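Structure, as structure tokens:
The values are calculated or read from the model by the stated rules, or taken from the named source; none is laboratory data. Model, not experiment: these values are computed from the prediction. We place every Cβ from the backbone using ideal geometry, glycine too, and count neighbours over all the protein chains shown. SASA here: full protein model, heavy atoms, side chains in, ligands and nucleic acids out. Shrake-Rupley method; radii C 1.70, N 1.55, O 1.52, S 1.80 Å.
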Amino acid sequence: MNFETVVKKIDENQEVFEDAFLFTDISDEEIALSEKILGFEIIQDYKKFLKKYGHGGFFFEFLGFGKNGKALFADETLKFRKSGLPDKFMVFENCDEYVRCINSETGEVVSWSQHDKDGAVHEFDSFCECFLDAVENAIDNFDE
């Protein structure tokens, strides 16, 4: 599973994703500043998401950079660290009752809630697996 597989699936389903993403022009410097704020290097596949799509989704909303240039994923991560989110996690989706995060040490995707006594719950082995799952779910639900 790689990032290009997800891009191909999105490209093949333009009617689903035509207005799904906020295509912002993100520089390497802006990503590097976000990494400095977070205290770790962002995984390559998420950097690719940021550079290609910027922010958004359809039936999902992956955090990226807003129109104002703010790194929304970094802001959310810092906010949830105040509630106990481990420093190795980066929030990329806020699902209200929990957040979906990338483990900066392993690259796996976990869900985390400040109300969950079990801590982080493994969801996917990689961001690309999670991204493909979200894209396929959007395609499946587009006509319903």
What residue among Glu105, Glu93, Glu29 shows peak mean-square fluctuation when the chain is described by a Gaussian network model with Cα springs under 10 Å? Glu29
Which pairs break 24 Å Cα to Cα here: Lys9/Lys88; Lys8/Lys70; Lys47/Lys67; Lys9/Lys70; Lys8/Lys52? Lys9/Lys88; Lys8/Lys70; Lys9/Lys70
Please give the net charge around Cys101, taking every other residue with its beta carbon less than 12 angstrom from that of Cys101, where Lys and Arg add +1 and Asp and Glu add -1. -3
In terms of the alpha carbon gyration tensor, root eigenvalues a ≥ b ≥ c, rounded if a/c is under 1.5 and otherwise prolate when a/b exceeds b/c or oblate, region 62-132 is oblate
About the Cα centre, charge dipole magnitude for the chain (Lys/Arg +1, Asp/Glu -1 at Cβ), debye: 740 debye
At 1.4 Å probe radius, can you tell me the per residue accessible area of the chain in Å²? 54 Å²
Carbon plus sulfur fraction of accessible area for the chain, probe 1.4 Å, in percent: 45 percent
Just to be sure I understand the model, the point goes 7 Å from the Cα along the line to the Cβ. What's the resulting Asp87 to Val121 distance in nm? 2.7 nm
MRE, 222 nm, helices only [DSSP H, n ≥ 4, -39500 (n - 2.57), over the chain, to nearest 500]: -11500 deg cm²/dmol
Among Glu12, Glu129, Glu61, which one moves the most in a GNM of the chain with springs linking Cα atoms closer than 10 Å? Glu12
